[in-house]
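The values are calculated or read from the model by the stated rules, or taken from the named source; none is laboratory data. Because the structure is a prediction, the values reported are computed rather than measured. Here the Cβ positions follow ideal geometry from the backbone for every residue, glycine too, while neighbour counts run over all protein chains shown.
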Amino acid sequence: MTSPIIITGVGKRIGYALAKHFLAQGQQVIGTYRSHYASIDELNALGATLYPCDFYDDTQVRSLIDELAKLPQIRAIIHNASDWLPDPVLTKNEPFKSATFAPSQVLQRMMQVHVSVPYQLNLALEAQLRAAAGDEIGASDVIHITDYVAEKGSQKHIAYAASKAALHNMTLSFAAKFAPEVKVNSIAPAMILFNAGDDVAYQQKTLAKALLPKEAGNEEIIDLVEYLLNSRYVSGRCHNVDGGRHLK
């Protein structure tokens, strides 16, 4: 049995696609999810080991870490779990109209899911990552899924963008800490897949932001993840998948 690949947030989109891809290869996959979608039942049937875990709940996170720490080896950790809370809107009459959370709560929640949990998992599972690599240089991996806004910023999702920037910064620190057995990289996607409810006007506006105006699809991320896993000489880097948005 191969050492497992851990993927957080396997319920939909990139995490779900990555889990199916590795399961189809016969790879042992361990996934986490917050909400139960039909995809969770499908991944279970395909042989994945899945843990329900709300990353906003410290007790659940601690229990998850305790379970994963029992593994003798880990081939890779792909930190994909994410949330996308908008910043509260300040108005004259109502301090934070239509906001589910206060500003401090929005920032804390974004930092919790995108920074604190990956930080804790990386530290707790370092020995298992090194064990899977053995004496081979760069044979195990940590991959942080960040976002192109980590460099650009965001007017409506400031806390989200800041937390993704912090996640990439951790890439640099953990790459140095875990070398030479473990490579640590980040992937910064822009628009990869439209949602079912995205109308034509929104799609056209979004596509126009890139030099390559197309829907990239999950395969673009899967191919990049495979490249990073197979590489033995790439670490501490951010790999942008944004269609050339920085040049528009």
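Which numbered condition trips up Ala176, out of (1) small (Gly, Ala, Ser); (2) modelled with pLDDT of 95 or more; (3) over 21 Å from Asn122 (Cβ atoms); (4) surrounded by fewer than 17 Cβ atoms within 10 Å (Cβ to Cβ)?
(3)
Which of the following residues is surrounded by fewer than 24 Cβ atoms within 10 Å (Cβ to Cβ), under 19 Å from Ile65 (Cα atoms) and of a type in the set (Gly, Ala, Ser): Ser140, Ser116?
Numbers: Ser140 fails: surrounded by fewer than 24 Cβ atoms within 10 Å (Cβ to Cβ).
From the options Ser140, Ser116, the qualifying one is Ser116.
Residues that are surrounded by fewer than 16 Cβ atoms within 10 Å (Cβ to Cβ) and free of Cβ contacts under 8 Å to residues at least 40 places away in the same chain: list the strands (runs of 3 or more DSSP E) wholly contained in the range 1-74 that include at least 3 such residues.
On the way: elements: 5-8, 29-33, 49-52.
Fully inside the range 1-74 and qualifying: nothing.
Okay, residues lined up against (1) in contact with a Phe, Trp or Tyr (Cβ under 9 Å, 6 or more places away or on another chain); (2) over 18 Å from Ile77 (Cβ atoms); (3) of a type in the set (Lys, Arg):
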| residue | (1), (2), (3) |
| --- | --- |
| Ile14 | no, no, no |
| Ala17 | no, no, no |
| His21 | no, no, no |
| Gln28 | yes, no, no |
| Ile40 | yes, yes, no |
| Asn44 | no, yes, no |
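Looking at this structure, is Val89 buried (at least 17 other Cβ atoms within 10 Å of the Cβ) and more than 23 Å from Asn218 (Cβ to Cβ)?
Values: buried (at least 17 other Cβ atoms within 10 Å of the Cβ): no; more than 23 Å from Asn218 (Cβ to Cβ): yes.
No, not satisfied.
Can you pull out every residue in the range 130-159 that is in contact with an Asp or Glu (Cβ under 7 Å, 6 or more places away or on another chain) and either outside any loop (DSSP other than H, G, I, E, B) or among the aromatic types (Phe, Trp, Tyr) (or both)?
Correct list: Arg130, Ala133, Ser140, Tyr148, Ile158, Ala159.
When you go through Ala131, Ala179 one by one, which is the residue that is in contact with a strand residue (DSSP E or B) (Cβ under 9 Å, 6 or more places away or on another chain) and touching a residue at least 24 places away in the same chain (Cβ under 8 Å)? Step through it out loud before you land on a result.
Values: Ala179 fails: in contact with a strand residue (DSSP E or B) (Cβ under 9 Å, 6 or more places away or on another chain).
Exactly one residue qualifies, and that residue is Ala131.
May I ask you to say which residue of Lys177, Lys164, Lys183 is in a helix (DSSP H, G or I), of a type in the set (D, E, K, R) and under 21 Å from Val225 (Cβ atoms)? Spell out the reasoning first.
On the way: Lys177 fails: under 21 Å from Val225 (Cβ atoms); Lys183 fails: in a helix (DSSP H, G or I).
Checking each option against the conditions leaves just Lys164.
With respect to Lys209, determine if the residue is under 20 Å from Pro86 (Cβ atoms), among the charged types (D, E, K, R) and out of contact with any His (no Cβ under 8 Å at 6 or more places or on another chain). Working first, answer last.
Values: under 20 Å from Pro86 (Cβ atoms): yes; among the charged types (D, E, K, R): yes; out of contact with any His (no Cβ under 8 Å at 6 or more places or on another chain): yes.
The answer is yes for Lys209.
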